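What follows is a set of notes on a single structure, which appears directly below.
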Amino acid sequence: MSEHQGIFTSQAVQDYLTAPATVTSEQLSDRLWTASDGKYRTIFIEADNSVVAFDTFGTPARARAYAAEIARVIPGKQVSTIIYSHDHLDHAGFAADFAPDANIVADEMTAKVVAMRGADGQLPVSEALSGTEHRVNYDGAEFVLLNRGPVLGTGHLSAWFEAEKVFFSSDTILANARYGLMPDYHIANFVKIMRSFLDLDFERFVPGRYELTDRAGFETGCDYIEAMQIACQSAFLNFVPIWIHDVMAGFVQNELGKRFGHLDGFKEHSGQTAIRVVHHYLMGGWGLEDTPEAGILLGD
Ligand SMILES: [Zn+2]
């Protein structure tokens with residue numbers, strides 16, 4: 001049998017798509033769980049007669065393992081709604097293998113990308129949301145979805161669970177330095193928008209990768225990216241050859257090591273982050289998303 005294969009064009013990836021996967025979960029409240037495949041992380045909610053789940057994980061096998069874990073901890077209830085936190089296939093690419101009959105909710109920008117990309121296994125969005133804030137209720141599960149502007153990917157939605165004081169924002173802030181590549185973080189607005197979420201009352205933060213953290217961990221994550229942006233601008237002043245990985249790594253580790261050297265992954269990933277961020281300043285950013293009035297992307 002051939003698996004859904006996203007945008008891969010080589011049949012050779014079949015072994016990757018079917019590679020055995022395990023998804024485990026941890027209960028955060030009566031109705032709320034976080035699930036992880038060991039690296040990626042998401043969240044799901046028990047509703048009155050069904051389950052509302054964010055994202056799908058990044059291969060058909062992982063999507064099936066996610067469905068199996070939900071069925072294990074909430075037996076007898078089907079996934080009725082999937083919310084795509086953003087368009088990326090490694091988080092939200094395999095609804096066809098996870099819950100093919102579910103209602104699919106996403107921001108309108110995500111809906112457009114998903115429709116036009118047509119990745120194999122990523123089901124189209126059935127309910128597109130416009131605007132910055134939505135108090136939603138799917139089958140009795142109430143929470144708030146937020147898009148305050150471009151932070152990562154296209155049409156990114158974060159979620160606030162007020163009663164639990166839990167905030168979920170996939171692929172944005174981490175409490176460590178492990179996500180170094182940052183290909184489409186929208187650097188011009190990223191920290192400003194992410195820090196704005198501190199106006200919400202939350203104590204626990206669920207990131208899109210790695211371990212859970214708290215409000216302080218979230219703030220450290222914001223501080224790290226902001227300090228990286230400043231260090232990368234200093235690299236110009238110091239005539240650092242900004243295209244050479246090892247030189248940039250040495251430069252930013254010297255600048256940031258005292259304050260952030262304790263972060264998991266700092267030594268291995270900060271050079272790669274620096275290469276990404278320094279080129280933002282060299283080139284001016286990533287199109288409209290990296291302009292000061294990026295709210296232009298919120299409307300139709
Ligand atoms: Zn992503």
Subset of segment 11-59 (residues that are open to solvent by less than 50 Å² (accessible area, probe 1.4 Å), hydroxyl-bearing (S, T, Y) and touching a helix residue (DSSP H, G or I) at 6+ places or on another chain (Cβ under 9 Å))
S25, Y40, T42, T56, T59
Residue check, G299 within 22 Å of the chain's Cα centre (by Cα), farther than 15 Å from V151 by Cβ and at pLDDT below 95
yes
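So that you can scan it fast, the table gives a plain yes or no per residue for (1) closer than 25 Å to F57 by Cα; (2) not charged (D, E, K, R):
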{"position": "N176", "(1), (2)": "yes, yes"}
{"position": "Y185", "(1), (2)": "yes, yes"}
{"position": "A188", "(1), (2)": "no, yes"}
{"position": "V191", "(1), (2)": "no, yes"}
{"position": "D201", "(1), (2)": "no, no"}
{"position": "T213", "(1), (2)": "yes, yes"}
Spans of strands (runs of 3 or more DSSP E) in segment 68-132 with at least 1 residues surrounded by fewer than 23 Cβ atoms within 10 Å (Cβ to Cβ) and in contact with a helix residue (DSSP H, G or I) (Cβ under 7 Å, 6 or more places away or on another chain):
103-107, 127-129
Considering only helices (runs of 4 or more DSSP H) fully contained in segment 206-300, which possess at least 2 residues that are open to solvent by 20 Å² or more (accessible area, probe 1.4 Å), of a type outside the set (S, T, Y) and in contact (Cβ under 8 Å) with a residue 40 or more places away in the chain?
215-237, 266-283
Scan segment 30-81 for residues that are closer than 24 Å to D107 by Cβ and among the basic types (K, R) and report the count.
3
Name the residue that is farthest from the ligand (Cβ to nearest atom), counting only residues in segment 156-190 that are under 12 Å from the mean Cα position of the chain (by Cα) and aliphatic (A, V, I, L, M).
A159
Within segment 91-111, count every residue that is more than 18 Å from the chain's Cα centre (by Cα) and of a type in the set (D, E, K, R).
2
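Can you tell me how many residues in segment 41-61 are part of a loop (DSSP other than H, G, I, E, B) and over 20 Å from Y210 (Cα atoms)?
Residues in segment 41-61 being part of a loop (DSSP other than H, G, I, E, B) and over 20 Å from Y210 (Cα atoms): 3 in total.
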Please work out which one of (1) more than 16 Å from the ligand (Cβ to nearest atom); (2) free of Cβ contacts under 8 Å to residues at least 60 places away in the same chain is the condition I193 fails and give its number.
(1)
Selection over segment 138-155 where residues are open to solvent by 10 Å² or more (accessible area, probe 1.4 Å) and away from the ligand (no atom under 16 Å from the Cβ) yields a count of 5
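The values are calculated or read from the model by the stated rules, or taken from the named source; none is laboratory data. Given the structure is predicted, the values throughout are model-derived calculations rather than measurements. Because the Cβ atoms are built from the backbone with ideal geometry, glycine has one as well, and the counts that use them run over all protein chains shown. These accessible areas exclude ligands, DNA and RNA; they are computed on the full protein's heavy atoms, side chains included. Shrake-Rupley method; radii C 1.70, N 1.55, O 1.52, S 1.80 Å.
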